[in-house]
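Encoded as C-alpha cells, the structure appears first; notes follow it.
The values are calculated or read from the model by the stated rules, or taken from the named source; none is laboratory data. The model shown is predicted, which means the values in this text are computed figures rather than measured ones. Counting neighbours? That spans all protein chains shown, and the Cβs are built from the backbone with ideal geometry, glycine included.
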Amino acid sequence: MDKATQHGLEIYHELNDRVNYYSDEPKTLEEISNRVKILIEQLFEESENYRIQLEEFSLQLEAQVEELSKLYEELTAVLDIGKILHETLDPKKSMEKILDRIKDIISFDDIIVGEFSDYPPGKDFSILHADFNLLDFEGTVELIDYLNAEKKIKPMIFEKHPITHKEIPIMFIPIESRIKIWGFFLFYGSKNGIFTAGNRKIMESIAEQIAFSYDTLDFLNKKIEQEKLGEQLRIASEIQKSLLPKKIPEFQEIDIEAFYRPAYDIGGDYYDVVDLGEKVFIVLADVSGKSVPAALIMTSFRSILRHELEKEKDLATIVSNLNNYISREIPQDRFVTAIFMMLDYKNKKIEMINCGHNPTLILKDEELLTFDAEYMPIGIMEGFVFESQNLTYNEKVYVALYTDGITEARNEKSEEFELERLIDIFEKNKDKNSKEIIDIIIKKLDKFVGKASQHDDTTLMIIKSK
C-alpha cells in the first residue's frame, strides 16, 4: 500500500470514527476519497444541527431568564404591596402606592378601583381611584351591573366589553375575603392586546392581600368601637349606681329595705326613699329598654323628681309635673312605669299613684290589698292629670313594691315565678324585719330560676311599720 493510500485511510478512519457512518473498509484510493467527502459533508451537517440546537437552547434559556426575571419582579411587587399595606393598615390610603407597583408589572390603558358599600355587592359602590382614558363612569356602572346580573363577580378575563362588544380586553378582579367582597379592580385595555392568566393570577394574590387588610382594619375598628362602648357602658353603670340611694334613711316608726340586681351591666330599674320630715316619699320605677338609653332617661327622671320634691309636697302635682317634662324630653317609644308613694307614718296614712306598674301589695290589719295601675306610664302623654289613692291603717302595715323582674322571672322549664308565689312568701314572713323578708324572697327566687338566664332587672322594696 502506497503512502497516499495509507494517509487517506488514516483520514478516513478518523472521520468515520466521529460520524460512524461506514462499517466496512474502502478498497481503492478513489473509494477512500469519495467516502472522505461524504464524511466531511456529514460532519458539516451535524455541526449545523448542533449550531441550530445551541441557538434554540440559547433562545429558550433567554426566555426562561426573562420569565424568571418577570416572576421575580411580580413577586417583589407583591412583597412591596404587602409592606405598604402593613405600614398603613388602611387600603384606601395605600391605593396610590399600590397602583404604582401594579403598573410596573401589568400593562393596561385604564383602571378603576371600586369599593362596595353593601354585601352582596350591587350598584352602590364608591370609586377609590380611576384613570378615565377609555372607560367613563357610566360605562363602569353598566359593567358592574352586567357582572352582577350574570353572577360573574369572580376573577375572570373578558375578551370583549360586554356592553359595547368592542374588541377591548377587560380584566375584573374582586377584592374578596371569606367575610365579604370589599371592592374590585377593573382593568380596561391592554397594550399587549390581552390580559394573560399570569396577570390574573398575580392580581388575585394582590387582591387577597388587600382583602386581608380590609378584614384586619374592620376587625380593629370594631374592637375600638367595642372598647369605646365598653367605656361608655362602664361610665353609664357608674352613673346609674350613683342615682340609687347609697343608704336608705332610718326611721323610728318604719322599717324600709331595698334590693336591686341588674340583669346586665346597666339596668333600667330605679328606686328612691326621701325623708321629707313629717312624711316619707318612696318611688320604685322601671324604665323601658336597657343599657345607656335607659340610664339617661333614669338620670332625667331622678333629677326632675328631686327638683319637684324640693318645691312641691302634693303627690299628684309632683307626678303630673314629672310626666309633662319626661313626655317632652324622651323618645316616643320610651316610657317609665312607676309607683309613687307618700307615707305619713305619724298619722298612719298612705298616698299612692301607680303609673302602669305592677300591683302594689299592702297588708294592713290582717287584710291583703293589691293596688293595680290606674294610670298610663310616665312619658306617654303630656298634660295628663293624675290623682292619688289614699289609704289609712290602724296598727301594722306591710308594703311590697317590686318590678316584673321578680314576678316574670323564668326557670329552666320557662315557668314564671308569678305574683301568687310572691304574695305567699310575703304573707308567711310578714312578722320578720324588712331585710329578712327580702333575703327570703330573693333566696326562693334564685332557687326557682336555677341556672336559667334572666333578661330583666330584679328590684324589691319592703316597707313595714315597727
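For Ala236, state whether it is among the small types (Gly, Ala, Ser) and under 34 Å from the mean Cα position of the chain (by Cα). Full working, then the answer.
Details: among the small types (Gly, Ala, Ser): yes; under 34 Å from the mean Cα position of the chain (by Cα): yes.
Against the criterion (among the small types (Gly, Ala, Ser) and under 34 Å from the mean Cα position of the chain (by Cα)), Ala236 qualifies.
Just name the residue that is modelled with the lowest pLDDT out of those in segment 391-425 that are among the aromatic types (Phe, Trp, Tyr) and either farther than 20 Å from Ala373 by Cα or touching a Ser or Thr at 6+ places or on another chain (Cβ under 7 Å) (or both).
Going through the qualifying residues, I end up with Tyr393.
For segment 22-30, does any single residue satisfy the condition of being of a type outside the set (Ser, Thr, Tyr), farther than 30 Å from Lys103 by Cβ, in contact with a helix residue (DSSP H, G or I) (Cβ under 6 Å, 6 or more places away or on another chain) and not in a helix (DSSP H, G or I)? Steps first, answer last, please.
Keep residues of segment 22-30 that are of a type outside the set (Ser, Thr, Tyr), which gives 24-27, 29-30.
Next, from what is left, pick out any that are farther than 30 Å from Lys103 by Cβ: 24-27, 29-30.
When the remaining residues are screened for being in contact with a helix residue (DSSP H, G or I) (Cβ under 6 Å, 6 or more places away or on another chain), the result is 26, 29.
Next, from what is left, pick out any that are not in a helix (DSSP H, G or I): 26.
Among the residues of segment 22-30, at least one is of a type outside the set (Ser, Thr, Tyr), farther than 30 Å from Lys103 by Cβ, in contact with a helix residue (DSSP H, G or I) (Cβ under 6 Å, 6 or more places away or on another chain) and not in a helix (DSSP H, G or I), which makes the answer yes.
For the subset of segment 239-280 comprising residues that are free of Cβ contacts under 8 Å to residues at least 24 places away in the same chain and in a helix (DSSP H, G or I), which member is nearest to the chain's Cα centre (by Cα)?
The initial filter retains those residues of segment 239-280 that are free of Cβ contacts under 8 Å to residues at least 24 places away in the same chain, namely 241-242, 246-247, 250, 277.
Narrowing the set further to residues that are in a helix (DSSP H, G or I) leaves 241-242.
On the way: Lys241: 29, Ser242: 32 Å.
Looking at residues that are free of Cβ contacts under 8 Å to residues at least 24 places away in the same chain and in a helix (DSSP H, G or I), I get Lys241.
Pairs only if they're at least six apart or on different chains, beta carbon under 6 angstrom, first in segment 1-26 and under 23 Å from Ser47 (Cα atoms), second of a type in the set (D, E, K, R) and part of a helix (DSSP H, G or I); list them, first residue then second.
The qualifying pairs are Tyr12/Arg35.
Under the condition of being more than 11 Å from Ala409 (Cβ to Cβ) and surrounded by 19 or more Cβ atoms within 10 Å (Cβ to Cβ), which residue from segment 442-462 is nearest to the chain's Cα centre (by Cα)?
Top of the filtered list is Thr459.
Tally up the residues in segment 71-81 that are within 19 Å of Thr196 (Cα to Cα) and touching a residue at least 12 places away in the same chain (Cβ under 8 Å), please.
Number of matching residues: 4.
Does Leu68 fit the bill of being in a helix (DSSP H, G or I), farther than 30 Å from Leu186 by Cβ and not small (Gly, Ala, Ser)? Steps first, please.
On the way: in a helix (DSSP H, G or I): yes; farther than 30 Å from Leu186 by Cβ: no; not small (Gly, Ala, Ser): yes.
Criteria not met by Leu68.
Does Ala316 count as aliphatic (A, V, I, L, M), touching a residue at least 40 places away in the same chain (Cβ under 8 Å) and in contact with a Cys (Cβ under 8 Å, 6 or more places away or on another chain)?
Numbers: aliphatic (A, V, I, L, M): yes; touching a residue at least 40 places away in the same chain (Cβ under 8 Å): yes; in contact with a Cys (Cβ under 8 Å, 6 or more places away or on another chain): no.
Spelling it out, it is not the case that Ala316 is aliphatic (A, V, I, L, M), touching a residue at least 40 places away in the same chain (Cβ under 8 Å) and in contact with a Cys (Cβ under 8 Å, 6 or more places away or on another chain).
Inside segment 271-294, can you point out the residues that are modelled with pLDDT under 90, in contact with a strand residue (DSSP E or B) (Cβ under 9 Å, 6 or more places away or on another chain) and either over 18 Å from Leu309 (Cβ atoms) or among the aromatic types (Phe, Trp, Tyr) (or both)?
Taking segment 271-294 as the starting set, the residues that turn out to be modelled with pLDDT under 90 are 277-278, 287-294.
Now restrict to residues that are in contact with a strand residue (DSSP E or B) (Cβ under 9 Å, 6 or more places away or on another chain): 278, 287-288, 293-294.
Within segment 271-294, Val287, Ser288, Pro293, Ala294 qualify.
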